[in-house]
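The values are calculated or read from the model by the stated rules, or taken from the named source; none is laboratory data. Since the structure is predicted, the reported quantities are computational estimates derived from the model, not experimental observations. Heads up, the Cβs are rebuilt from the backbone with ideal geometry, glycines too, and the neighbour counts pull from every protein chain shown. When the accessible area is computed, the model is the full protein with side chains, heavy atoms only, and any ligands, DNA or RNA have been set aside. Shrake-Rupley method; radii C 1.70, N 1.55, O 1.52, S 1.80 Å.
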Amino acid sequence: MKLHRLTRFPKHAFPTELDTGNTAIDQYLRDLDAGLAGSTGVRKMTLEETRDHLLESTDALIAQGQSPDAAGQQAVASFGAVEVHAKEQRQERCKLFITMFLRFGLTFATLMLLMSLLSMSSFLGEEKAARGFAENLPTLAKTYLFNATFFGFFMSYWFTFAFTQAKPAPVKPTEDGEVLEVYSQKGSKYAAVFLFIVMGGISLSCLAGLFGWGYMAASGIALNALLFLLGAQMAIGASVAWDRYELSQDALTIRSFTGHHRVPRAAIVDLVERSFWRSFIGVGIGKHYALIWQDEAGQRQTVNLVLNGEMHNSDSLIATLKATACDR
Amino acid sequence: MARNENEQIYKGLLDTLVLNVLLAEPNYGFGIKEALREQLGDDADVVKEATLYPLLHRLERKALVLSYRQPGDRGTPRKYYKITQAGHNYLKQQVETWRQVSALLDRTIFKED
């Protein structure tokens, strides 16, 4: 059974916008697509790279005097068997799935366990909560495994087989030269508004609960405090959808709700990716980076950048900033 | 047989050769292959796409290169690969190792009596 087919939700069909008009190349891309895992967006990442290579290769062969048909056939033949490339993509996705499964699943289950321990009575009921910890251990362990498996599967599936990096946008020509703009898609902003309302609501309910008001009043101080912080972190973190980065020849300009920074490119020392845990507890949904730069007085300064795959050109910005730091 | 063994040696060298190509500038799959073809000349056949792309993806997983996409001329984004600082360090180590191997061969097998 070809299990990868189950990951191609919601559309199995080949994305016809990738058709090239060259019969050999189009057939190769269709055959390759049939062996790939993931949503259309995920599969397109592999298909686009393959298409680009085959077209470049075909053009080079045509320039050497071959006919378009013969060139397409030769380009396809030298690219290798479809199954080799398809299998490589499936294995790569599979490794990513396992990594994400462990990371998301264990994080979520640990968080839920912590909440259970903070409020045993609302989690297990008064009678069970009155028993010793050892007696409740099997229930807690089962819940931990369930949460790790369920949430780990859900999140890692989305991250591995459904999520697609935003398309790169062209650089913007200005009077001072080209500017690389990094910004979120419109859909991300709608999602951020939804997240802000939901998580903000949870946070406020828990804040009310801390003062003995509302339906969270019975949950205890520790659980309410934890949920208040988590809710507030997520609600405020959703504002990252309105963050904007502009990289010109001279400087990086960062615009966010927390302020407006301008970092001269020549002063950039390093761009360091923060650890998973730092990104997890930090405010802002995405990967957190420390941009280290030197001010006019020679003092090292750090600015936090939050970038995610839903932002156009975020990968180009990371590559350029790392290159700038390397060149220094 | 000799040809086969040659290919094995080149494949062992391929990650170093690819990183060395990326040292000059960020490049995309076909560009890397062409650069290698020019460097390898008659032995260019050992760099097959079926080897090159998995290798690039492996280097990316090991954080020796990073990738990013830019708008392409053919209606789809083009994926570029760029060497990282870790890639620079790894390349330096690999080049040093190959230099030692080369020096060893010069002192032994290739030594002229």
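What's the longest uninterrupted piece of chain A once you rule out the GluC sites (Glu not before Pro) that are loop residues per DSSP with at most 14 other Cβ within 10 Å? Walk me through the numbers before you get to the answer.
Numbers: sites that count: A:GLU175, A:GLU296.
In short, A:1-174.
No solvent, one uniform scatterer per C-alpha: report log10 I(q)/I(0) for the range A:169-328 via the Debye equation at q = 0.16, 0.17, 0.20 1/Å, two decimals.
-0.91, -0.99, -1.22
Set the bar at 21 Å for Cα to Cα. Now go through A:LYS167/A:LYS287; A:LYS172/B:LYS79; A:LYS87/A:LYS287; A:LYS87/B:LYS62; A:LYS2/A:LYS95 and name every pair that lies beyond it. Before the final figure, lay out each step's value.
Values: A:LYS167/A:LYS287 18 Å; A:LYS172/B:LYS79 19 Å; A:LYS87/A:LYS287 29 Å; A:LYS87/B:LYS62 19 Å; A:LYS2/A:LYS95 17 Å.
Pairs exceeding the cut-off: A:LYS87/A:LYS287.
Using R₀ = 30 Å, calculate the FRET efficiency as 1/(1 + (r/R₀)^6) where r is the Cβ-Cβ separation of A:PHE211 and A:THR258; round to 0.05. Before the final figure, lay out each step's value.
Details: r = 28 Å, r/R0 = 0.93.
Using R0 = 30 Å, I get an efficiency of 0.60.
If each Cα of the range A:100-164 is one equal point scatterer, what is log10 of I(q)/I(0) from the Debye formula at q = 0.14 Å⁻¹?
The Debye formula, applied to the Cα set alone, gives -0.46.
For chain A, return all DSSP H helices satisfying: extent of Cα atoms along own axis at least 24 Å; mean Kyte-Doolittle hydropathy at least 0.0. Could the numbers behind the result be given before it?
Details: long enough: A:40-63 (33 Å, -0.34); A:82-118 (53 Å, 0.57); A:133-157 (34 Å, 0.54); A:186-210 (36 Å, 1.40).
Those that pass (Cα extent of 24 Å or more, hydropathy at least 0.0) are A:82-118, A:133-157, A:186-210.
Return the equivalent ellipsoid semi-axes of the range B:28-113 as a descending list in whole Å, where each equals the square root of 5 times an eigenvalue of the C-alpha gyration tensor. Numbers along the way, then the final one.
On the way: eigenvalues 205, 61, 18 Å².
For the range B:28-113, the semi-axes come out at 32, 17, 10 Å.
I'd like to check one number: the per residue accessible area of the range A:169-328, probe 1.4 Å, reported in Å² as a whole number.
On the way: 8640 Å² over 160 residues.
For the range A:169-328, the per-residue accessible area is 54 Å².
Given labels modelled 7 Å from the Cα in the Cβ direction, how far is it in nm from B:GLU112 to A:THR110?
Each label point is offset 7 Å from its Cα along the Cβ direction, giving 6.4 nm.
Find the sum over both chains of the accessible area lost when B and A are paired, probe 1.4 Å, and report it in Å² to the nearest 100.
Details: alone 7820 and 18880 Å², together 24010 Å².
What B and A bury together is about 2700 Å².
Starting from the exponent 0.38 and prefactor 2.2 Å, build the expected Rg for the range A:1-150 from its residue count and divide its actual Cα Rg by it. Show your work: numbers first, answer last.
Numbers: Rg = 25.1 Å, N = 150, 2.2 N^0.38 = 14.8 Å.
Dividing the Cα Rg of the range A:1-150 by 2.2 N^0.38 Å gives 1.70.
When you have a sec, figure out the Kirkwood radius of the range A:203-277 from all distinct Cα pair distances and drop it here in Å to one decimal?
On the way: mean 1/r = 0.0651 Å⁻¹.
With all distinct Cα pairs of the range A:203-277 included, I get 15.4 Å.
Applying a 10 Å radius around every beta-carbon, put A:227-238, A:161-172 in order of their mean neighbour count, most first.
Details: A:227-238: 19.2, A:161-172: 16.5.
Going by the mean number of other Cβ atoms within 10 Å, highest first, we get A:227-238, A:161-172.
Report the Cα-based extents of chain A along its three principal axes, largest first, to the nearest Å.
84, 63, 31
Peptide A:159-169: average number of partner chain Cβ atoms within 10 Å per residue? Before the final figure, lay out the partial values.
Numbers: counts 0, 0, 0, 0, 0, 0, 3, 1, 4, 8, 3.
So the per-residue partner count for this stretch is 2.
Given a cut-off of 21 Å, what percent of all Cα-Cα pairs of the range A:3-80 lie beyond it?
Numbers: 871 of 3003 pairs.
Everything past 21 Å amounts to 29 percent.
Tell me which of A:LEU6, A:LEU54, A:SER78 sits at the most positive position along the dipole axis of the range A:3-80, charges placed on C-beta atoms (Lys, Arg +1; Asp, Glu -1).
A:LEU6
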